[in-house]
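What follows is a short report on a single structure.
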Amino acid sequence: MKKLFLAVTLLGLLFVSNQAMADWTLTPSQVSEAGHYFKWKVVCTTDGDALTATDLLALMGTRLRGKVQGETLMLMKISPGTGGVIPDTTINVTLSDDEDDALFAVTGASKDAISWHDLSADISLFIPVTGKLAVAFNDIGTSGDQVTLYFITWIEDR
């Protein structure tokens, strides 16, 4: 019985570790802060497939989440990787909210050059970050290709 339990446990761990290796890697971090402006980024490394909507707030540490949640997103810069991590195709990005409704979407962003995007363009309002901020990508290329999203956030007086 113990051998069966051990075998099932090892198979389960193998399955979980294989799934973890097949996921995109999203790494959010702070870039800079000046007055009411807060700049942060998410380095996004593909697994070779599209990325379904993934909550960025859930990936942030407490300090970074405290600077972003409850504030307003104004601008987003899409910075494709270069050299060995350049995407193979144009980039589609969708940001969505707590109800999984799209707040902003861009299709066909360059894989070769940075592009800036006004985050009020789709809903006629800069994006308020409440309980969830999800990002989704198309399949941008082979496993290991990268895109970095930079966000300019407005921080209100408290």
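Computed from the coordinates by the stated procedures, all read-outs in this text should not be read as laboratory data. Worth saying up front: this structure is predicted, and the values here are computed from it rather than measured. Note that each Cβ is placed from the backbone with ideal geometry, even for glycine, and that neighbours are counted across all protein chains shown.
Quickly work out the residue 47-to-residue 107 label distance, labels modelled 7 Å from Cα along the C-beta direction, and quote it in nm with one decimal.
2.5 nm
Treating only the Cβ of Lys, Arg, Asp and Glu as charged (+1, +1, -1, -1), what charge dipole size does the chain show about its Cα centre? Round to the nearest 20 debye.
The dipole of the chain has a size of about 740 debye.
What net charge is computed for the residues neighbouring residue 152, neighbours being all others with C-beta under 9 Å from the C-beta of residue 152, Lys and Arg scored +1, Asp and Glu -1?
It works out to a net charge of +2.
Which entries in the list 67/111; 39/77; 39/111; 67/132 go over 18 Å, if you measure between the two C-alpha atoms of each?
Values: 67/111 29 Å; 39/77 11 Å; 39/111 22 Å; 67/132 14 Å.
Checking Cα-Cα distances, 67/111; 39/111 exceed 18 Å.
Using Cβ counts within 10 Å as a stand-in for footprinting exposure, how do 51, 125 rank, fewest first?
Numbers: 51 20, 125 10.
Ascending Cβ contact count within 10 Å gives the list 125, 51.
Which Cα, out of 69, 115, 27, lies furthest along the positive dipole direction of the chain (beta carbon charges, K/R +1, D/E -1)?
27
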